Amino acid sequence: MNKYISILKENLIIIIPTVIVVSTLIGFLIFGFLKPSTTAVIQEDYILDIQEVLEDEFLLEYSAGIYDEEHPFFVLNPYQISPLSGLILFETDEVESFIIVVNGKEIEGNIEFASIATRSHKIPVYGLYANYENKVEIYENILGEKGILVSELMIQTSPLKEESNRSITLETTSEYFSDDIMILMPATQSLPIGIDYNGDIRWTLTENFSWAPVLLENGHLLLGSDRLMSDPYYVTSLYEIDYLGKIYKEYKIPGGYHHDVVELPNNNLLVLTNEFEGTVEDMIIEINHTTGEIVNTWDLKHFLDQTQGMSQMWTSYDWFHNNSIDYDETTNSIILSGRHQDIVVSISLTTNRINYIIGDPNNWSQALVDNFFLTPIGENFEWQYAQHGAIYTEEGIFIFDNGNNKSKFSENYVNAEDSYSRGVMYVVDGFGMTIEQTFQFGKELGSNFYSPYISNVQYLGPNNYMIHSGGHSEVNSETLNVPAPLYNGDGVVRMYSNTYEVESGIVKYHLEIDDNYYQALHTSLYTEATTYYTGTPVSFGELAETPKNYDELSLNFNFLETVPLKFNISFVKQKDRLVVNGTFDRNDEIYIVLRNNIDFQYQIPTSNTAYTAMCLGTFIGDSRELTYYINETNLEGEYEIYLVVNNVEYNTYQHVTFD
């Protein structure tokens, strides 16, 4: 026995490596036999495809029956995202129009609408109450007046989602506000809503569509999609949508969409977007409304010096922060709001040159001041700072002046408790290069009306103005001077929005609602332009190709190969991209590798960007939770998915197919 032990001791240097090699080979053999096959990543249904199926289903049900004006077909929330709406369908022998009455809880709350004269009737029903048995009446239309009551529908709705149900205080009258609604678009985790004269919610969406609610000539809305493409709030596309929630068109924007869009007289769209070439929020594109083709592009770096007029919020990355666009047909000009330079800029689309600049001229070169800045005239003049929502009106340029700091010099900054926001009307003489303040509202309300971010104004007619201060927030009753989503101090943040309407100097409307709301829009659910038609929604354009990494990766040996649970990696295949989610440290170096005959490598950025503006907090999450998107553009076929973290490669045992 001692002999064998002695032999073992003498040959340990040979035996131990041999055992390791044999064990490793056995392990590889076992692992090879047991190695799991890859599975396809989870597929997520696309909203346009979902809506097409829903429409086919209710039209099939409708076609299986016989429905007339006395016995109409009705479907509540036909597209499953607008629960306070419905659709009436029926046929008549003759071409006829009907008057639809959505009954209010009191007669002042009634909403009436005359349908289009036709034999095949598809009539949208808007303005239902939540959690209520609603009555909708159909009357004969006798020269625009209600005739005989033809039929009556009783429609039971469900309660609102929590994200729609906010505390509302409203002071107005039905005589002033009529059957209109005030649409509020969320800035945080709320949902879009429409509020009537009595403070009742008569419209909402259950999807968090975003940005400015832009009303089109055909009565539809343009809204930003709910699909994030890049931090902090850039979304993939624009939706043309009606109050039923039906999406008619999707415009995919290669550089993402943010803030605002305006419809031109030819129905093309001027859209705020990005290039992501070291800067953001300084690009504008024109989209053909029938083809989705990008037909014009403007880069604001070609018009303005990035390093002049810097406000406290300025960064080299977000130097201008373009938060609004409007178009003036008379002069063929656009007007833009650059929050981070405290300026509003008018640019001629005829000459492609600056017409004039509205703003405090301090911290700008004398040459720019002499050529483009306006000289104030008249009494009680104040410049605007960190403004939003600059629009053309028949009375002048109407702007929401957020009023951040109220100076270009830090030693003269005004703190939030002593500040105010306001709506301000400026009359500009582009020939004499002068500017005069003719109206303001908000200064008299003090810091309670102060919003350091978001907000807008709306021109309702001569001497009739809407001013929406959507970004007020407080901690322990002290007004904050930063957007609520950026606050990281102690205490509970209270957020609310204030919306006023002033007619001939008299306040006719005041809405206060909990939470911050990006913009408000005073409108009607039904107008002469109201249109509804069935059919497959159209998607224009494509997302930009996701940049690939072509550097060779230096990989360390990884025996186990499988992904550690701590990374919490997951994948979802959407119609046009792969969505990657995971939990990582901010100093990790991370790549996704798509492997087929060749490898496509994508580096996931993990560095923090210092945001000084947070117009939407909808998409904010845990700083360790990373989401990355690999767009389908220029990818085709099936790929196995690998994860590389700090030079170690892991097989996810999942595969994705790009069409």
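The values are calculated or read from the model by the stated rules, or taken from the named source; none is laboratory data. Every value quoted in this text rests on a predicted model; they were computed, and no experiment measured them. Neighbour counts are summed over all protein chains in view; Cβ atoms, including those assigned to glycine, are modelled from backbone coordinates with ideal geometry. Heads up: the accessible areas ignore ligands, DNA and RNA and are worked out on the full protein's heavy atoms, side chains in. Shrake-Rupley method; radii C 1.70, N 1.55, O 1.52, S 1.80 Å.
Can you figure out the FRET efficiency of Asp418 with Ser158, using R₀ = 56 Å and their beta-carbon distance, to the nearest 0.05? Given R0 = 56 Å and the Cβ-Cβ separation, E is 0.75. Between Thr375 and Glu96, the contour length at 0.36 nm per residue exceeds the alpha carbon distance by 94.5 nm. Computed over the alpha-carbon atoms, the stretch 463-540 gives an Rg to Rh ratio of 1.17, Rh here being the Kirkwood radius from the mean inverse distance.
The figure for Glu207 is an accessible area of roughly 60 square angstrom, using a 1.4 Å probe on the protein chains alone.
Straight-distance candidates among the lysines for linking to Lys408, with alpha-carbon spacing under 29 Å and chain neighbours fewer than 8 residues away dropped: Lys301, Lys443. With bins 10 Å wide beginning at 0, the percent of Cα pairs of the stretch 74-150 falling in each bin runs 19, 50, 27, 4.
Nonpolar atom fraction for the stretch 41-82, defined as the carbon and sulfur part of the 1.4 Å probe accessible area, stands at 53 percent. Protein-only accessible surface at a 1.4 angstrom probe places the residues Arg202, Arg586 in the order Arg586, Arg202, largest first.
To the nearest Å, what is the center-to-center distance of the stretch 244-302 and the stretch 82-147, using C-alpha atoms only? The stretch 244-302 and the stretch 82-147 have Cα centres separated by 35 Å.
Accessible surface area normalised per residue over the stretch 224-316 is 30 Å², counting heavy atoms of protein chains with a 1.4 Å rolling probe. With the simple spin-label model, which puts each label point 7 Å out from Cα in the Cβ direction, the Arg624 to Asp45 separation comes to 3.5 nm. Placing His302, His522, His340 in order of accessible area, with the largest value first and a 1.4 Å probe, yields His302, His522, His340. Taking only protein heavy atoms and a 1.4 Å probe, the accessible area of the stretch 325-439 is 45% carbon and sulfur. Tell me whether the chain comes out rounded, prolate or oblate; compute the Cα gyration tensor, take square roots of the eigenvalues as a ≥ b ≥ c, and use a/c under 1.5 as the rounded threshold. Oblate, since a/c reaches 1.5 and b/c is not below a/b.
Got a number for carbon plus sulfur as a percent of the stretch 167-236's accessible area, 1.4 Å probe? Of all accessible area on the stretch 167-236, carbon and sulfur atoms account for 39 percent.
Estimated purely from DSSP H runs of n ≥ 4, each contributing -39500 (n - 2.57), the mean residue ellipticity at 222 nm for the chain is -3000 deg cm²/dmol once divided by its residues. For Lys566, the solvent-accessible surface with a 1.4 Å probe is about 150 Å², rounded to the nearest 10. Principal-axis analysis of the Cα atoms of the chain puts helix 12-34 at an angle of about 40° to the longest axis.
For the pair the stretch 512-567 / the stretch 308-365, the C-alpha centres are spaced 28 Å from each other. In the assembled protein chains, Tyr453 presents an accessible area of approximately 0 Å² (probe radius 1.4 Å).
Roughly how many Å² is the accessible area per residue of the stretch 447-549, as a whole number, for a 1.4 Å probe?
39 Å²
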